[in-house]
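Following: one structure in C-alpha cells, then a few remarks.
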Amino acid sequence: MGWAWVGLGVGGVLGAWLRFMITNLINRYWRYSFPIATFSINMIGSFALSSLYLFNFGVHQKFILYTFGSGLLGAFTTFSTFSYETALLLDRRAILASLSYFVLSVMLGIFCAWLATVLV
C-alpha cells in the first residue's frame, strides 16, 4: 500500500499542474461567459477515468488507480470549480449560460464516461 500513496501524491501534483496549465492556456484565448476551460477538463476527465477503470493492470491495479484515478484525474477535474462557476454565472444574472453549463456538464460528463465504456 505504501507505493500507492506515493503514486497518489505524485499524480495529484501532476493533475493539479496540468489543470492549471490548460485553464490558463484556454482562458488566454476564450473571452466568453461560458467556462469552457473547466468544462473541457471535466469532460476529458470523465472519459479518461472511465477508460482507466476498464483496464486490468494485474498486480499493479491499486497503484495505477491511486496514481492516475484518484491522484492525477482527481486533481485534474474539479467539481468545486464547476459549482463556483455555475453560482457565479447565476450571480451575474447569466441564467441561460449557467443553465447550459450545468446541464451540459452533467449530461456530457455522463456521456463521455459511457462513450469510454463503449470505445475501450
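The values are calculated or read from the model by the stated rules, or taken from the named source; none is laboratory data. These figures come from a predicted structure and were not determined experimentally. Ideal geometry is used to build each Cβ from the backbone, glycine not excepted, and the neighbour counts take in all protein chains shown. Keep in mind that these areas ignore ligands, DNA and RNA; they rest on the heavy atoms of the full protein, side chains included. Shrake-Rupley method; radii C 1.70, N 1.55, O 1.52, S 1.80 Å.
Worth pointing out:
- When the criteria are applied in full, Y29 fails the requirement of being among the hydroxyl-bearing types (S, T, Y), at pLDDT below 95 and under 14 Å from L73 (Cβ atoms).
- Selection over the range 14-30 of residues that are open to solvent by 40 Å² or more (accessible area, probe 1.4 Å) and free of Cβ contacts under 8 Å to residues at least 24 places away in the same chain gives a count of 11.
- Subset of the range 1-13 [of a type in the set (A, V, I, L, M), in contact (Cβ under 8 Å) with a residue 24 or more places away in the chain and surrounded by fewer than 17 Cβ atoms within 10 Å (Cβ to Cβ)]: M1, V10, V13
- Of all the criteria given as (1) open to solvent by 60 Å² or more (accessible area, probe 1.4 Å); (2) touching a helix residue (DSSP H, G or I) at 6+ places or on another chain (Cβ under 9 Å); (3) part of a helix (DSSP H, G or I), the one not satisfied by S33 is (3).
- Residue identified as assigned to a helix (DSSP H, G or I), among the hydroxyl-bearing types (S, T, Y), open to solvent by 40 Å² or more (accessible area, probe 1.4 Å) and within 21 Å of S105 (Cα to Cα) among S70, S40: S70
- Restricting attention to the range 79-98 and to residues that are open to solvent by less than 100 Å² (accessible area, probe 1.4 Å) and without any contact (Cβ under 8 Å) to a residue 24 or more places away in the chain, the residue that is farthest from R31 (Cα to Cα) turns out to be S80.
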